Structures are given as C-alpha cells and as structure tokens.
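The structure is given below, and queries will be raised subsequently.
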Amino acid sequence: MEIEAQKMDFRDESAQTVIEWATKTFSSNLAIASSFSMEDVAVIDMAVTIQPDIRVFAIDTGRLNEETCECAEAVRKRYGLTIEWVFPRSEEVEALERTKGLYSFRDSSENRHDCCGIRKLEPLSRALHGLQAWMTGMRREQGVTRLALEKIEKDLKHGGLIKVNPLVDWSQDQLLAYTMEKYLPVNRLYRSGYTSIGCAPCTRAVQSGEELRAGRWWWENPEHKECGLHGR
Ligand code: SF4
C-alpha cells in the first residue's frame with residue numbers, strides 16, 4: 001500500500017470518510033482497539049453505521065476500573081457487538097505479582113514498562129495477529145506524545161500494519177458535541193474529572209488546564225505518557 005499517498009489523500013477528509021475507506025479496504029481484517037474512552041466509543045458508533053459487524057477488541061489488563069467495564073457492556077448491548085476481550089498471560093502476571101508485588105509500576109520507569117509489557121503489549125500483539133489494519137480513537141490534542149499523528153499511518157511497531165486514526169484532528173468540543181448528539185454511552189469516569197481512560201491505579205482525574213493525558217502515570221514526565229501500545 002502506498003502509505004505516503006494515502007496520508008496525503010486523507011489529510012482533509014472527515015472521520016466518516018476515513019472509516020468508510022478503512023472498512024471497505026480491510027473488512028474483517030480491520031479491528032478497532034477500544035479502551036472505552038469517549039473517542040473510542042465515537043469511532044465504534046461511526047464504524048458500526050458503515051459496517052455493522054465491525055470487529056472491536058479490548059485488553060482486560062486485570063486493573064481496569066469498574067466504570068470502564070460498565071461502559072464496555074453498554075457499548076456491547078447498544079450495538080450488538082462481540083467485544084473481543086484479550087487477557088494477559090496468567091503465568092506472566094502471577095510471576096510479576098509474586099516477585100514484585102501489586103504496585104511495582106510506581107517504583108521505577110523500568111517496572112512500569114514491565115507491567116505494561118505484560119498486561120498490555122503482549123495481549124495487543126496477539127489481538128493484532130492476522131489483521132491488516134487497526135483503528136484507534138487517538139487525537140493530536142490529547143498530548144505532546146500525539147502531536148504527529150496522521151489519519152493513516154504505517155505502524156512500524158507492529159509489523160507495518162496500517163493504523164487508522166480517524167479522529168486525529170478532532171477537538172475536545174467536537175468530540176463532546178458528537179457524543180451528546182448521538183447519546184453515546186459515556187464512561188462514568190469522565191463525570192469524576194477523568195479525561196483519559198486507562199488502568200485504575202495508573203490513571204486519575206485532572207485539574208482544569210492540565211493536559212488531557214496528565215492523569216496517566218502522573219508521576220512520570222509528559223513525554224513518556226505512553227504505554228507502548230502506540231508510538232513509533
Ligand atoms: Fe500496569 Fe499501570 Fe501499565 Fe496498567 S497502566 S499495565 S497497571 S503499569
């Protein structure tokens with residue numbers, strides 16, 4: 001695929017057009033990755049309208065908030081989807097917790113990346129296996145680590161899969177307006193001041209004026225606020 005040409009072609013296209021292209025091009029070889037953030041639910045809503053049996057996967061890290069599980073259920077029921085849940089390998093989680101305890105990720109950056117590797121990256125690699133493309137709800141406005149996102153990318157971190165990010169140029173107001181207009185299921189964490197959805201012990205509410213992903217791994221530098229699922 002001529003990825004450079006695709007980037008140019010879709011730069012000014014709407015999220016719906018990008019999703020329509022992706023679903024027609026990849027069909028069942030495309031799946032949406034969902035953390036049940038507002039962004040992800042908006043992407044699912046648009047994609048289901050175009051392709052009702054769109055594949056959606058989610059990673060159950062074992063540390064998700066109850067509110068996220070409830071939102072996942074609301075999405076599953078509303079759209080009649082089978083959410084393809086992926087779990088970490090139990091023996092790896094057992095070894096991690098037995099040797100380092102339940103909160104090792106707070107002790108060092110290395111430990112944090114170890115935990116994300118076991119609970120998120122390894123399951124993600126299995127979820128992506130066999131796909132040609134995956135779709136996310138990532139937006140540039142979410143933080144410094146996401147400023148260079150494109151609507152269509154080649155994901156070199158994951159074997160050169162095509163990564164589709166239809167909402168990259170959406171503002172927070174645009175996202176809220178779409179969510180309200182469509183009465184989409186909303187993760188209740190947003191009502192408590194959260195602006196990003198992740199694992200319970202590594203995500204907290206943010207203060208007014210803080211970056212949208214400031215509540216993720218708040219003890220780390222802003223440049224490091226990715227778990228390795230995304231990035232180059
Ligand atoms: Fe572990 Fe926190 Fe990463 Fe979740 S976000 S996988 S709990 S380090």
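The values are calculated or read from the model by the stated rules, or taken from the named source; none is laboratory data. Note that the structure is predicted; figures quoted are calculated from it, not measured. Using ideal geometry, Cβ is built from the backbone for each residue, glycine included, and neighbour counts are taken over all protein chains shown.
Among the residues that make up segment 109-127, is at least one of them within 14 Å of the chain's Cα centre (by Cα), more than 16 Å from the ligand (Cβ to nearest atom) and under 21 Å from residue 22 (Cα atoms)?
Within segment 109-127, none of the residues are within 14 Å of the chain's Cα centre (by Cα), more than 16 Å from the ligand (Cβ to nearest atom) and under 21 Å from residue 22 (Cα atoms).
Further question on the same structure: Restricting to segment 49-91, name every residue that is among the basic types (Lys, Arg), farther than 30 Å from residue 103 by Cβ and in contact (Cβ under 8 Å) with a residue 12 or more places away in the chain.
Scanning segment 49-91 gives 55, 78.
Which one of these does residue 39 not meet: (1) surrounded by fewer than 22 Cβ atoms within 10 Å (Cβ to Cβ); (2) out of contact with any helix residue (DSSP H, G or I) (no Cβ under 6 Å at 6 or more places or on another chain); (3) of a type outside the set (Val, Ile, Thr)?
(1)
What's the number of the condition residue 150 fails, among (1) assigned to a helix (DSSP H, G or I); (2) within 24 Å of residue 36 (Cα to Cα); (3) out of contact with any Gly (no Cβ under 6 Å at 6 or more places or on another chain)?
Only one criterion is unmet by residue 150, namely (1).
Show the residue pairs meeting these rules: Cβ distance below 8 Å; 6+ apart or different chains; first residue within segment 123-140 and at positive phi; second residue surrounded by fewer than 24 Cβ atoms within 10 Å (Cβ to Cβ).
So the pair list comes out as 130/29.
Quick check: is even one residue across segment 99-122 crowded, with 16+ Cβ neighbours inside 10 Å and in a loop (DSSP other than H, G, I, E, B)?
Within segment 99-122 (the criterion being crowded, with 16+ Cβ neighbours inside 10 Å and in a loop (DSSP other than H, G, I, E, B)), the answer is no, since none of the residues qualifies.
Which of the residues belonging to segment 49-75 are farther than 13 Å from residue 186 by Cβ, away from the ligand (no atom under 14 Å from the Cβ) and surrounded by 20 or more Cβ atoms within 10 Å (Cβ to Cβ)?
Result: 54, 55, 56, 57.
Name the single residue that is nearest to the ligand (Cβ to nearest atom) among those in segment 191-210 being over 16 Å from the mean Cα position of the chain (by Cα) and buried (at least 17 other Cβ atoms within 10 Å of the Cβ).
204
Tell me which of these residue 90 doesn't satisfy, since it passes every other one: (1) more than 16 Å from residue 31 (Cβ to Cβ); (2) within 11 Å of the ligand (Cβ to nearest atom); (3) modelled with pLDDT of 95 or more.
Among (1) more than 16 Å from residue 31 (Cβ to Cβ); (2) within 11 Å of the ligand (Cβ to nearest atom); (3) modelled with pLDDT of 95 or more, residue 90 violates only (2).
Restricting to segment 168-201, and then to whatever is among the basic types (Lys, Arg) and assigned to a helix (DSSP H, G or I), can you tell me which residue is farthest from residue 70 (Cα to Cα)?
Here the residue is 191.
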